[in-house]
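What follows is a single structure, written as structure tokens, with notes after it.
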Amino acid sequence: ITCDGGLTYHAEGLNDDAMAINRAAMLSEITGGHAMIATATGDQVCFELGGPPADSQIFGVIEDVSVSPGLPTTVYPDTTDLVCSLGDGAVYLKFDLRTVAGRVSHATLYLHSGTDSSSAGTGGEVRAVCDDSWSETTLTWNARPAPDATVLGRISGVAPNLWYAVDVSAALHDPDVYSFTLAPGATDSDGAHFMSKELSTTLRAYIQARIVAEDLDGDGASAGPDCNDADAAI
């Protein structure tokens, strides 16, 4: 629970220290990031999981794959494992946001770590990849497209069986196909492992995007469904 003072408290099991809650500012559900509707008293918090905001959409990953320097010209053989480790591998993710009816005002990328204890690792850096022509069935280390120089965010201290979130708003704007890479930084030597869409359709990577509807050419159709929002005749 994050309270007004900015301190974060985490508790499991019995309240042996008789800690009291006098105000709950906000709660978020760890397995997906949706807001919770909460009320608090001196000794308990009651909450109801809410859905995503009305102006948001969920976009599941359409392609995901690991690439490894140990397999320079070979596709990573384990399609269920997305590995991020210095000298071992990086993750490539692709999302189709062409159906977005407007402009993306905010976007968060979610990845779920593997359930095995070996999934724990130091983490990695998320960057956008401008080249979307790659395919998960053919991508190799030597053929991997270069990511942008700008780091959008980090995933650090990966533990098994948890969701991890990175703000990727700076890389998403108009309806389009977008790619990202999760690659180790200079000090990320301990490999972290995440779930692919082949391993779990419910715990696969996804983007939650908040959408602002726009009709720039005034023809009554928002960007997205409008093939050309700069030309009212189209």
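The values are calculated or read from the model by the stated rules, or taken from the named source; none is laboratory data. Everything quoted here is computed from the prediction, not taken from an experiment. Cβ placement follows ideal geometry from the backbone for every residue including glycine, while neighbour counts extend to all protein chains displayed. When the accessible area is computed, the model is the full protein with side chains, heavy atoms only, and any ligands, DNA or RNA have been set aside. Shrake-Rupley method; radii C 1.70, N 1.55, O 1.52, S 1.80 Å.
Just one residue in the set Ser189, Ser179 is outside any loop (DSSP other than H, G, I, E, B) and in contact with a strand residue (DSSP E or B) (Cβ under 7 Å, 6 or more places away or on another chain); that residue is Ser179.
Conditions (1) modelled with pLDDT of 95 or more; (2) among the aromatic types (Phe, Trp, Tyr); (3) within 26 Å of Pro72 (Cβ to Cβ), marked per residue:
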{"residue": "Ser118", "(1), (2), (3)": "no, no, yes"}
{"residue": "Val129", "(1), (2), (3)": "yes, no, yes"}
{"residue": "Thr137", "(1), (2), (3)": "yes, no, yes"}
{"residue": "Arg144", "(1), (2), (3)": "yes, no, yes"}
{"residue": "Asp148", "(1), (2), (3)": "yes, no, yes"}
{"residue": "Val151", "(1), (2), (3)": "yes, no, yes"}
{"residue": "Ser156", "(1), (2), (3)": "no, no, no"}
{"residue": "Ala159", "(1), (2), (3)": "no, no, no"}
{"residue": "Tyr164", "(1), (2), (3)": "no, yes, no"}
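One line per residue, one yes/no per condition, for (1) open to solvent by 60 Å² or more (accessible area, probe 1.4 Å); (2) among the hydrophobic types (A, V, I, L, M, F, W, C); (3) under 28 Å from Ala213 (Cα atoms):
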| position | (1), (2), (3) |
| --- | --- |
| Gln57 | yes, no, yes |
| Ile62 | yes, yes, yes |
| Pro69 | no, no, no |
| Cys84 | no, yes, no |
| Ala101 | no, yes, yes |
| Ser118 | yes, no, no |
| Gly121 | no, no, no |
| Ala128 | no, yes, yes |
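For the range 177-191, a residue qualifies if it is open to solvent by less than 20 Å² (accessible area, probe 1.4 Å) and among the acidic types (Asp, Glu), and exactly one does: Asp188. The one condition from (1) part of a loop (DSSP other than H, G, I, E, B); (2) free of Cβ contacts under 8 Å to residues at least 60 places away in the same chain; (3) within 22 Å of Gly60 (Cα to Cα) that Ala149 does not meet is (3). For the range 152-176, a residue qualifies if it is open to solvent by less than 60 Å² (accessible area, probe 1.4 Å), in a loop (DSSP other than H, G, I, E, B) and within 19 Å of Gly114 (Cβ to Cβ), and the qualifying residues are Ala159, Pro160.
Does at least one position in the range 192-207 carry a residue that is closer than 17 Å to Val67 by Cα and either surrounded by fewer than 18 Cβ atoms within 10 Å (Cβ to Cβ) or among the acidic types (Asp, Glu) (or both)? Within the range 192-207, one or more residues are closer than 17 Å to Val67 by Cα and either surrounded by fewer than 18 Cβ atoms within 10 Å (Cβ to Cβ) or among the acidic types (Asp, Glu) (or both). Selection over the range 77-134 of residues that are in a loop (DSSP other than H, G, I, E, B) and farther than 22 Å from Pro147 by Cα gives a count of 11. What number of residues in the range 143-165 are among the hydroxyl-bearing types (Ser, Thr, Tyr) and under 21 Å from Val65 (Cβ atoms)? Residues flagged as among the hydroxyl-bearing types (Ser, Thr, Tyr) and under 21 Å from Val65 (Cβ atoms) within the range 143-165 amount to 1.
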